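Here's the structure we're looking at; comments come further down.
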Amino acid sequence: MTTLSPLLAITPLCFCNRGSVESSKSIHYVCKTKKSRPKRRFGRMDVGKDSRLLFARSRVAAQPTEQMMFTSSNPLVDQLKEVSTYRFRTEIGGHVKISVGKINGKYAVYVEVSSLALGASDNISLMLIWGIYTSDSSCFMPLDSSSHARTIETPLLQNSFARFATELEFEAKQTPFYLSFFLKPTSSGVEIKNHNRSNFCVPIGFDSGYPTPLGLSFSTDGSMNFAFFSRSAAGCVLCLYDDSTSGKPALELDLDPYVNRSGDIWHASLEGAWTFLSYGYRCKGAALQSDADKFDAGRVLLDPYSKIIINSVTDNVPGLLPKYLGRLCEEPVFDWSDDVPPNLAMEKLVVYRVNVMRFTKDNSSQISSDAAGTFAGLIEKLSHFKNLGVNAVLLESIFPFDEQKGPYFPCHFFSPSNVYGPSNGSVAAISSMKEMVKKLHANGIEVLMEVVFTHTAGAGALQGIDDSSYYCTSIPTGLDSQNALNCNHPIVQRVILDSLQHWVTEFHIDGFCFINASSLLRSFGGEYLSRPPVVEAIAFHPLFSKTKIIADCWDPKELEAKETAFPHWKKWAEMNTKFCYDLRNFLRGEGLLSDLATRLCGSGDIFSSGRGPAFSFNYITRNFGLPLVDLVSFSGDELASELSWNCGEEGPTNKTTILERRLKQIRNYLFVLFVSLGVPVLNMGDECGQSSGGSTSYGSRKPFDWNALSTGFGIQTTQFISFLSSLRMRRSDLLQKRNFLKEENIDWHGSDQNPPRWEDPSCKFLAMTLKVDKPGSGLSSESSHVEGDMFIAFNAAGRSESVTLPEVPEGMTWHRLVDTALPFPGFFSNDSEPVIRQPYEMKSHSCMLLEANIHDG
């Protein structure tokens, strides 16, 4: 057990002034003895306006009961309700037992001292020197108005040899506070303290609590348990607020290290009858923060495990309050009785990445101002997801975040940001999100979440709680360690696992995409681990057995994706950055055919070791970098890393040839995304041609323009995406594979049916035939409606290609489903005419797909 810091001298003690009250108050103290000694009643004592924290809620008045002779089993203890018992060893041997409980609406404290080595004198008497405190263990509250005494001497009566006892009684309205005391024999006057040479200390009006679960929890009797981790804290103060707009706590409880600490967990329990609204913590000790010079001991910290958080006042009290406080209430009850998660196989997914706020914030969404930019607004646009044919939405990070840096710099991990709820309400945000998940599930759509566990906002997150545990304070120079979390430290790993478990059990989330996942592999010193504990723990957690787990190694601090061999344990999927880069390179006329072929077949160079193409989440664009329309419109030197091509002219243009080429390229990108093995991930706004003006920054992204969906571009692009989604589902035997294609199921061609020139950088044409399993082969059980082969060709050259088509089985012919060079609406169709003429003339910068069907004639 951690050693208690000795209290300051009891008399005199400092008088702490913190907080304020509206008017002067007074307290009274009454002492009675068994022999009917005259009552000693102290007069009224005025309490100044700035002493609220000392006498919060009740203006404490202590009153010992009439002294009695005790037996070894005192009747009072038997009458107490909700008894809490505390036992201490003294520094000279012997034991002190303290029982605290309720009787007749009051708190009774029974103190018994036994086996104390005081000598053989028959006249030994023992005094209890006690005081009470709340916010500061070194600062007792005044009890004597005439002398401003802060301690009282109460005799302990001897009921048997070496056994002394006394009782104290306090009004319930005077609590909560701590009773702190030491013992003093009248014969010697030596102070006797506990084995740590500190005062004996017990909580009155609240309990020591339990170290688990972390955070705020509620028992069946309504009492609240607080549990808070800090290994380095020399002390911890629980701050309770009765008004979230107040600059000061209504009550502060300086948790006792002996009674309210187990290992590295500080804990306390409070009755549910209190009217406090919110809470936070103050940690004592400059060692808590890596930069001790900037450590603010007065700062109130948000509980990392708070399930409901509320905004607190920061404008008028800079540096004193966090942006958020934990709310003292249980999570709202939600009816999940009819919720059935879709539980889709990964290879069946079509994912749409969406920013909740930007999706419906624009006036063009035509939804109410209260719902715009919220979870409720997203539900109102459910038809858009269904029109596109997507069956999973990937929510950009919805954690509370640093408004200056954006949602990828979170402050908290256990609740959605209040900005996504109606009227920015915390409880409303939680209920609204659950309603959104339930509604999407009812329509066969899974809900995936981006999560950021590798770093936090620069302030208002975990800083000041225990930086040496939470943060990577010893990462080598050159790496961004300022707010980097120490993910493989046991406590941070516990936070991550508990957070994921909370989102799965309380919000029915179907999967998680871990942003900056490569940092999950680092140790405290910054080196990469082959078996990072947190990654392995997530992979084998039984609760996540049906949860999609996706690693995204894109770093929001450096604005780039970091390639790494990610340990997966056959559980982790990955956002496939190589797919994005190789596809961009090919369609702009660079790169090798072999690179494109690898991506089309599910990226076996990444996912062949125990996984498969279903673990590859393929994307063209994301919420950072160039959106799709800008990818074909801007390619200046400053955008070299984007691998973009402007199709012949930089930026906006009115030239028909340039616009047609850009339109073909957009179709090509979408086409390759959907015919490649793996999971296609669409990015919000690409379907309606939203532009950032060539900017790659996150802040340049605009709210979704719903009017753009009714433009010619919006209509044909959304219809094309819907067609491709339906095609993947209809031809799941070839396009939705959990395992890689066998050699007999695919042929590669050049334009003349000769083998492709794989390593020729000047060759920009590649074709493949995806072949169905022969009847009776027993190789395929994925579809009971197997159709004909598919011929798919890609021409990234600036010239047309005459393509010789492969032979088809007797009685069948090729039917064109897609040719991105044709005008709308003819460039895609399920009912195209058969292709009779050979060779097929394939235009420059285009893709095509033919399907073998039974010849009608």
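Which members of the range 420-456 meet the condition of being over 22 Å from residue 342 (Cβ atoms) and outside any helix (DSSP H, G or I)? Within the range 420-456, 421, 425, 452, 453, 454, 455, 456 qualify. Of all residues in the range 609-630, those that are in contact with a strand residue (DSSP E or B) (Cβ under 9 Å, 6 or more places away or on another chain), closer than 30 Å to residue 649 by Cβ and at pLDDT 95 or above total 6. Residue-level check: of (1) in contact with a Cys (Cβ under 8 Å, 6 or more places away or on another chain); (2) open to solvent by less than 10 Å² (accessible area, probe 1.4 Å); (3) without any contact (Cβ under 8 Å) to a residue 60 or more places away in the chain, residue 230 misses just (3). Taking the conditions (1) in the same structural domain as residue 303 (by the TED database); (2) over 26 Å from the mean Cα position of the chain (by Cα); (3) within 23 Å of residue 168 (Cα to Cα) in turn, residue 186 satisfies each one other than (1). Quick one: would you say residue 189 is open to solvent by less than 50 Å² (accessible area, probe 1.4 Å), modelled with pLDDT of 90 or more, among the small types (Gly, Ala, Ser) and assigned to a loop (DSSP other than H, G, I, E, B)? Taking the combined requirement at face value, the residue does not satisfy it. Within the range 403-417, the only residue that satisfies the criterion of being surrounded by fewer than 21 Cβ atoms within 10 Å (Cβ to Cβ) and polar (S, T, N, Q) is 404. Here residue 667 passes the criteria (1) among the basic types (Lys, Arg); (2) over 24 Å from residue 765 (Cα atoms); (3) crowded, with 23+ Cβ neighbours inside 10 Å except the one numbered (2). The criterion of at least 3 residues that are surrounded by 22 or more Cβ atoms within 10 Å (Cβ to Cβ) is met by the following helices (runs of 4 or more DSSP H) wholly inside the range 581-653: 593-600, 628-631.
Quick check on the range 206-224: of everything there that is closer than 18 Å to residue 258 by Cβ and surrounded by 19 or more Cβ atoms within 10 Å (Cβ to Cβ), which residue is nearest to the chain's Cα centre (by Cα)? Of everything passing the filter in the range 206-224, 209 is nearest to the chain's Cα centre (by Cα). Residue 551 - would you say it is farther than 30 Å from residue 749 by Cα, crowded, with 21+ Cβ neighbours inside 10 Å, small (Gly, Ala, Ser) and free of Cβ contacts under 8 Å to residues at least 60 places away in the same chain? So residue 551 fits the description; yes. Filter the range 278-325 down to residues that are in a strand (DSSP E or B) and open to solvent by 40 Å² or more (accessible area, probe 1.4 Å) and give me whichever is modelled with the highest pLDDT. Checked the range 278-325; the qualifying residue modelled with the highest pLDDT is 284.
Just to be sure, is residue 338 modelled with pLDDT of 90 or more, farther than 30 Å from residue 678 by Cβ, out of contact with any Gly (no Cβ under 7 Å at 6 or more places or on another chain) and among the charged types (D, E, K, R)? So residue 338 passes the test.
For every residue, the table says whether it meets (1) closer than 30 Å to residue 556 by Cβ; (2) part of a helix (DSSP H, G or I); (3) open to solvent by 30 Å² or more (accessible area, probe 1.4 Å); (4) of a type outside the set (A, V, I, L, M, F, W, C).
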residue: 687; (1), (2), (3), (4): yes, yes, no, yes
residue: 696; (1), (2), (3), (4): yes, no, yes, yes
residue: 703; (1), (2), (3), (4): yes, no, yes, yes
residue: 715; (1), (2), (3), (4): no, yes, yes, no
residue: 724; (1), (2), (3), (4): yes, yes, no, no
residue: 734; (1), (2), (3), (4): no, yes, no, no
residue: 748; (1), (2), (3), (4): no, no, yes, no
residue: 759; (1), (2), (3), (4): no, no, yes, yes
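One residue stands out among those in the range 437-464 that are in contact with a His (Cβ under 8 Å, 6 or more places away or on another chain) and hydrophobic (A, V, I, L, M, F, W, C): the one that is surrounded by the fewest Cβ atoms within 10 Å (Cβ to Cβ), which is 447. Being at pLDDT 95 or above and either among the charged types (D, E, K, R) or in a helix (DSSP H, G or I) (or both) is the filter here, so list the residues in the range 395-419 that pass it. Correct list: 396 only. Test residue 710 against the criterion of being in contact with an Asp or Glu (Cβ under 8 Å, 6 or more places away or on another chain), closer than 22 Å to residue 372 by Cα and open to solvent by 10 Å² or more (accessible area, probe 1.4 Å), and give yes or no. No. In the range 326-340, the residue that is least open to solvent (accessible area, probe 1.4 Å) out of those that are touching a residue at least 24 places away in the same chain (Cβ under 8 Å) and under 21 Å from the mean Cα position of the chain (by Cα) is 326.
Taking the listed residues 561, 573, the one that is hydrophobic (A, V, I, L, M, F, W, C), within 17 Å of residue 627 (Cα to Cα) and under 25 Å from the mean Cα position of the chain (by Cα) is 561, with no other qualifying. Just checking, does the range 374-384 include any residue being open to solvent by less than 10 Å² (accessible area, probe 1.4 Å), at pLDDT below 95 and in a loop (DSSP other than H, G, I, E, B)? No, the range 374-384 contains no residue that is open to solvent by less than 10 Å² (accessible area, probe 1.4 Å), at pLDDT below 95 and in a loop (DSSP other than H, G, I, E, B).
Which condition from (1) surrounded by fewer than 21 Cβ atoms within 10 Å (Cβ to Cβ); (2) over 28 Å from residue 196 (Cβ atoms); (3) touching a strand residue (DSSP E or B) at 6+ places or on another chain (Cβ under 8 Å) is the one that residue 246 breaks? So the condition that residue 246 fails would be (3). Assessment of the range 530-540 against the conditions (outside any loop (DSSP other than H, G, I, E, B), touching a Pro at 6+ places or on another chain (Cβ under 9 Å), open to solvent by less than 10 Å² (accessible area, probe 1.4 Å) and free of Cβ contacts under 8 Å to residues at least 40 places away in the same chain) yields at least one matching residue.
The values are calculated or read from the model by the stated rules, or taken from the named source; none is laboratory data. Keep in mind that what you see is a predicted model, and the values were worked out from it rather than measured. Cβ: placed from backbone, ideal geometry, glycine included. Neighbour counts: every protein chain shown. Ligands, DNA and RNA are stripped out before the accessible areas are found, and what is left, the full protein with its side chains, is counted by its heavy atoms. Shrake-Rupley method; radii C 1.70, N 1.55, O 1.52, S 1.80 Å.
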